[in-house]
Amino acid sequence: MSNPVLVEVTRGNLVESRHRGVVIAVDGDGRTVFSLGETDSAVFPRSACKAMQALPLMESGAADAYGFGNRELALACSSHSGEPEHVELAAKMLAAAGRDVSALECGAHWSSDQKTLIGQARSLEAPTALHNNCSGKHSGFICACCHSGTEVKGYVGYDHPLQREIRGAMESLTGAILAKDNCGVDGCSIPTYAVPLKGLAHGFAKMATGVGLEAERARVSRRLIEACMAEPFFVAGTKRACTRLMKTAPGRIFAKTGAEGVFCAAIPEKGIAIALKCEDGTTRAAEAMVAATLARFFRDEPELHAALMAQANHSMHNWNGIHVGDVRVTDAFAA
């Protein structure tokens, strides 16, 4: 069975591109409330699961010991744009643990925000690891290690105690067995595991609702989700989809993107979490899919529903501002 076409991109009066995908929404008990495509298929969640990977920062007591608030916790769950505020906060997180940029093992790259990138090109010979979109997550890893007395060097390795702890947390949340046979290396050098999409959604539903979790993990999970919703800029950045979605319904929607067309989201008040993947890995299609899926659960709030659908279906303009086509979700979302 092939996955359905969920997003079309038009040019003029014709469909220029079609994007197939798979989507699932579940409640805290793991019951499916909406699905499209082969939802038992395994996917690499990539950066979409960063809130799960931030659990050791919370459960070790490091976040409280270093006085981290919503911004630091959001950055620990982020794929940020490398804007000055992100870089500065990551450095402060490291400093709280007595470390600096030299401890980061995520690699370096330029900002993904064009305005910031131009500024960096004018003022820097090269970016540092603090500019990496994963530097907040890695700073959280280092803080967790420092607070628990675990050796920091090599923290990205499969056999490092921190990665074993993350693996165990993700297995508990998703119900998947994570091992070397379903493991790859992520862009920031840590292990990434292919898990069934339904399990990924259920893991976030547990984090958002606390259902099925022991009391302390339920508490810190909710704390991470709430921090991201409170500080969406520090989860992503200027004009980013995660930021925009969470600002559309402040304190009500959690959203986190991952590479290769993956997205996870949650609506804590409704006890629902979402996981999806655009089959061909296209970000624009995944962003349309998650907006349309979220909109389904706000049909009783016309203004909010319309605001989300406006992000799912939007026009495209060329460099002269001429309307050249549209990104639109298909009727599959209307079922």
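The values are calculated or read from the model by the stated rules, or taken from the named source; none is laboratory data. In this text, all values refer to a predicted model and were calculated from it rather than measured experimentally. Cβ atoms come from the backbone with ideal geometry, glycine included; neighbour counts cover every protein chain shown. The area values use the complete protein model at the heavy-atom level, side chains included, leaving out ligands, DNA and RNA. Shrake-Rupley method; radii C 1.70, N 1.55, O 1.52, S 1.80 Å.
Excluding same-chain neighbours fewer than eight residues apart, the lysines reachable from Lys115 by a Cα-Cα span under 22 Å are Lys239, Lys247.
Mind ranking 315-321, 285-291 by how tightly packed they are, going by the mean number of other C-beta atoms within 10 angstrom, highest first? Intermediate results must be reported in sequence, preceding the final value.
Values: 315-321: 8.7, 285-291: 27.9.
With the highest mean Cβ count within 10 Å placed first, the list reads 285-291, 315-321.
Only protein atoms count toward the accessible area here, which uses a 1.4 Å probe; on segment 84-204, the carbon and sulfur part of that area reaches 53 percent. The equivalent ellipsoid of the chain has semi-axes of 31, 24, 18 Å, largest first, where each one is the square root of 5 times an eigenvalue of the Cα gyration tensor. Viscosity 0.692 mPa s, temperature 37 °C: what is the translational diffusion coefficient of segment 183-321 from Stokes-Einstein with a Kirkwood Rh over Cα pairs, rounded to a whole number of µm²/s? Estimated diffusion coefficient is 208 µm²/s. Residues in segment 111-117 carry Karplus couplings, in order, of 4, 8, 8, 4, 4, 5, 4 Hz; the curve used is 6.51 cos²θ - 1.76 cosθ + 1.60 with θ = phi - 60°, and Gly or Pro positions show x. So which lysines pass the test for Lys198, namely a Cα distance under 18 Å, with those fewer than 8 places away in the same chain ruled out? The reachable lysines, counting only those whose Cα sits under 18 Å from Lys198, are Lys50, Lys206, Lys256, Lys270, Lys277. Histogrammed with a bin width of 5 Å, the alpha carbon distances of segment 52-156 distribute as 2, 15, 26, 24, 17, 9, 5, 2, 0 percent, first bin at zero.
Restricting everything to alpha-carbon atoms, can you work out Rg to Rh for segment 1-99 with a Kirkwood hydrodynamic radius? Present the calculation step by step, with values, prior to reporting the outcome.
Numbers: Rg = 19.8 Å, Rh = 17.3 Å.
Here Rg/Rh amounts to 1.15.
Sequence-ordered 3J(HN,Hα) estimates for segment 60-69 from the Karplus curve with 6.51, -1.76 and 1.60 and θ = phi - 60° stand at 6, x, 5, 4, 6, 4, 8, x, 6, x Hz, glycine and proline given as x. Counting 0.36 nm for each residue step from Asp40 to Asp159 and taking away their Cα separation leaves a gain of 40.1 nm. A crude spin-label estimate for the pair Arg219 and Val15, with each label 7 Å from Cα along the Cβ direction, gives 5.1 nm. Accessible surface ranking for Arg31, Arg99, 1.4 angstrom probe, highest first: Arg31, Arg99. Solvent exposure of the chain, expressed per residue, is 41 Å² of accessible area, with all protein chains present and a 1.4 angstrom probe. Amide H contacts under 5 Å for Phe34: Ala25, restricted to partners 5 or more places along the chain or on a different chain, H placed in the peptide plane at 1.01 Å from N. Scalar couplings 3J(HN,Hα) for segment 193-210, obtained by applying the Karplus form with A = 6.51, B = -1.76, C = 1.60 to θ = phi - 60°, are 10, 7, 10, x, 4, 5, x, 5, 4, 5, x, 6, 5, 4, 5, 6, 10, x Hz; x denotes Gly and Pro.
Given axes a ≥ b ≥ c from the Cα gyration tensor, I'd like to know whether segment 254-329 is rounded (a/c under 1.5), prolate (a/b larger than b/c) or oblate.
Numbers: a/c = 2.90, a/b = 1.36, b/c = 2.14.
In terms of gyration-tensor shape, oblate.
Just round it to a whole percent: the fraction of Cα-Cα distances in segment 109-232 exceeding 19 Å.
That fraction is 61 percent.
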